[in-house]
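Below is one structure, written out as structure tokens; comments come after it.
The values are calculated or read from the model by the stated rules, or taken from the named source; none is laboratory data. Note that the coordinates shown come from a computational prediction; the quantities given were computed from them, not determined experimentally. Cβ: placed from backbone, ideal geometry, glycine included. Neighbour counts: every protein chain shown.
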Amino acid sequence: MIVSLGNIGSKPGRKQIAKNIFLSEEERTLIQELQKLGVNVFLQMLYTDPKTEVDSVL
């Protein structure tokens, strides 16, 4: 399974991890849990943009 993260807006309790991606601590933990289950999670704003592995920004 693959999950692509992109354009997750800012709101209270979220920290910026990429240009247009803000995550809460709970969201970061959930992403790490998905990875432990073998899910490939990456950042990509547009399908034409290069993929960035989420590990490099968490």
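A quick yes/no check of all residues on (1) among the basic types (K, R); (2) under 10 Å from the mean Cα position of the chain (by Cα):
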position	(1), (2)
I21	no, yes
S24	no, no
R28	yes, yes
L37	no, no
Task: Pair list, Cβ < 6 Å and 6+ apart or interchain, from the stretch 35-58 residues that are under 14 Å from I21 (Cα atoms) to residues that are at pLDDT below 95 and of a type in the set (D, E, K, R) - done: F42/K51; F42/E53; Q44/K51
